[in-house]
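Take a look at the structure set out below.
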């Protein structure tokens with residue numbers, strides 16, 4: 001049986017890491033450090049967010065992967081903030 005993405009961190013929590021960062025592009029390890037989780041968890045969760053259209057990704061080297069927020073991801077964050085203010 002395969003496991004799904006770790007629900008420990010919501011989509012919004014992961015996307016908020018990008019919003020809080022001064023850098024528009026983050027390495028998987030940077031996201032893992034911000035969430036106090038493993039890089040493997042980040043790969044799994046971010047793959048789900050890429051599939052949903054909230055993140056884009058690229059593998060610039062053999063052992064690293066970078067992610068950045070898409071317009072859809074920015075809209076999701078704005079919607080979350082709007083919902084929190086209501």
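The values are calculated or read from the model by the stated rules, or taken from the named source; none is laboratory data. This one's a predicted model, so the numbers in the text were calculated from it and none came from an experiment. Every residue, glycine among them, receives a Cβ derived from its backbone with ideal geometry; neighbour counts consider all protein chains shown.
Kindly provide the set of residues from segment 31-49 that are touching a residue at least 12 places away in the same chain (Cβ under 8 Å) and in contact with a helix residue (DSSP H, G or I) (Cβ under 9 Å, 6 or more places away or on another chain), ordered by number. Don't jump to the end; show me each part of the working.
Kept after step one, since they are touching a residue at least 12 places away in the same chain (Cβ under 8 Å), are these residues of segment 31-49: 31, 34-35, 37, 41-49.
31, 34, 35, 37, 41, 42, 43, 45, 46, 48, 49, listed by residue number.
I'd like the residue in segment 1-13 that is surrounded by 14 or more Cβ atoms within 10 Å (Cβ to Cβ) and more than 17 Å from residue 71 (Cβ to Cβ) and, out of all such residues, is modelled with the lowest pLDDT. Can you show your working first?
Taking segment 1-13 first, the residues surrounded by 14 or more Cβ atoms within 10 Å (Cβ to Cβ) are 5-6, 9, 11-12.
Filter again for more than 17 Å from residue 71 (Cβ to Cβ), leaving 5-6, 9.
Working: 5: 50, 6: 47, 9: 87.
Per the criteria, the residue is 6.
Pick from segment 59-73 the residues that are at pLDDT 95 or above and surrounded by 10 or more Cβ atoms within 10 Å (Cβ to Cβ): which of them is farthest from residue 23 (Cα to Cα)?
First, pick out the residues of segment 59-73 that are at pLDDT 95 or above: 66-73.
Keeping just the survivors that are surrounded by 10 or more Cβ atoms within 10 Å (Cβ to Cβ) gives 66-70, 72-73.
Values: 66: 11, 67: 11, 68: 9, 69: 11, 70: 14, 72: 18, 73: 15 Å.
That would be 72.
Any residue in segment 50-57 that is surrounded by 15 or more Cβ atoms within 10 Å (Cβ to Cβ), in contact (Cβ under 8 Å) with a residue 24 or more places away in the chain and assigned to a loop (DSSP other than H, G, I, E, B)?
Looking through segment 50-57, at least one residue is surrounded by 15 or more Cβ atoms within 10 Å (Cβ to Cβ), in contact (Cβ under 8 Å) with a residue 24 or more places away in the chain and assigned to a loop (DSSP other than H, G, I, E, B).
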